[in-house]
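Taking it in order: structure first as structure tokens, then the write-up.
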Amino acid sequence: MINMLNATISAGLIALFVILGLLLIAIIVVLILVPVGLWFRALISGAHVSMSRLIGMKLRKMPVAEIVNEYIKAKKAGIKFDIDEMENHKMAGGNLTRVVNALIAANSARISLPLEDAKAIDLAGRDILTAIKNSVDPYIIDIKGIQAIAKDGIELIVAVRTTVRINISCLRNGAGEETIIARIGEGIVSAVGGADTYREILAKPELISSKILDADLSTGTAYEIISLDIADIDVGQNKGAQIRKETAKAETEVAQARAEQRRADAVALEQEMKAETQRMKALVVSAEAEVPKAMAEALRKGKIGVMDYYKMQNVVADTNMRNAFADTDTSNK
């Protein structure tokens, strides 16, 4: 009986140790998988997150601490940002901390910023938090080195300081700062180009700013132009004179090319005429070579007599003599 009792006690102790061991292993596993500190912090902050969700985020290798901390922050600020949406935004590559801070800043500044717009702006790569700040506090864009030419050909180099405010309602689909800079540059070129002389712009720089502001260049952008001030105007080169000089040079080169072409054409024509003269001389010599043959043939056949031949020779000699006298008189003159 005693042996049986001892065996029973031993078996019970072994079972107890096994149960305690399994319980200890379970506690260790739970402590590894569940960030108990975060769970407890969320619980006492009024932003309860179940352990199963925390374990799921841990298994999905999500930044649990960041998501829970931002969830607590949003709850405390009264921002309706579900933890599922936070996790999805994080998986999409968004900056969760920046979005939550932007929503809190917009709420404090009484700026309407829907959650979907905030997430879309963040996923588009724009700094939504900085945009919120700049929608309250305008900031300055310095634009330098804009070159424009007045009608008199004088170049002006203009620098402007533009004060802008971000329009949050247009930030999601509106054009960025680069568009504003490009439009302002275009407005400067147009304003200076419309002046009859550069002195008009130097005397009244406000002609530039008024033309740009009247054009409403902020249309379709995420910005509102509050003011535009001319910071500096420098007189550059006389582009008109340079253009005229280059034009004259080009026209001279064209005229020289045409004259060279005419000279080449004249040389070619002269060579062609010389060749034609040589050909005609050759024909004359060839024809003259045939005359004696024809005369001999005529004498042989009795078509002309000897006296006729001598008479013809006298006529030829007389003609040659007259031509010689004529050439002498011409050269004396």
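The values are calculated or read from the model by the stated rules, or taken from the named source; none is laboratory data. Just so we're clear, the structure is a prediction, and the values are computed from it rather than from any experiment. Note: ideal-geometry Cβ built from the backbone for every residue, glycine included; neighbour counts use all protein chains shown. Only protein heavy atoms, including side chains, enter the accessible area calculation; ligands, DNA and RNA are left aside. Shrake-Rupley method; radii C 1.70, N 1.55, O 1.52, S 1.80 Å.
Miscellaneous remarks
- The set of residues in segment 231-242 that are modelled with pLDDT of 80 or more and either of a type in the set (S, T, N, Q) or out of contact with any strand residue (DSSP E or B) (no Cβ under 6 Å at 6 or more places or on another chain) (or both) contains only 235.
- Which listed residue, of 57, 86, is at pLDDT below 85 and open to solvent by less than 50 Å² (accessible area, probe 1.4 Å): 57
- Identity of the residue in segment 107-143, in contact (Cβ under 8 Å) with a residue 40 or more places away in the chain and under 30 Å from residue 236 (Cα atoms), that ends up most open to solvent (accessible area, probe 1.4 Å): 142
- Flag not set for residue 131, criterion: closer than 30 Å to residue 55 by Cα and aliphatic (A, V, I, L, M).
- Taking residues in segment 172-191 that are closer than 19 Å to residue 205 by Cβ, and partners anywhere that are surrounded by 15 or more Cβ atoms within 10 Å (Cβ to Cβ) and small (Gly, Ala, Ser), the pairs with Cβ atoms closer than 7 Å and at least 6 places apart or on different chains are 187/215; 188/148; 189/148.
- Within segment 178-188, not a single residue is surrounded by fewer than 17 Cβ atoms within 10 Å (Cβ to Cβ) and more than 20 Å from the chain's Cα centre (by Cα).
- The condition of being open to solvent by 50 Å² or more (accessible area, probe 1.4 Å) and in contact (Cβ under 8 Å) with a residue 12 or more places away in the chain holds for residue 235.
- In segment 93-106, the residues that are within 13 Å of residue 136 (Cβ to Cβ) and part of a helix (DSSP H, G or I) reach residues that are at pLDDT below 90 and open to solvent by 10 Å² or more (accessible area, probe 1.4 Å) with C-beta atoms within less than 6 angstrom, at least six apart or across chains, in these pairs: 102/129; 106/113.
- Selection of segment 205-232 for residues being free of Cβ contacts under 8 Å to residues at least 24 places away in the same chain, charged (D, E, K, R) and under 22 Å from residue 151 (Cα atoms) yields only 214.
- Test: residue in segment 117-137 that is within 22 Å of residue 41 (Cβ to Cβ) and assigned to a helix (DSSP H, G or I): no
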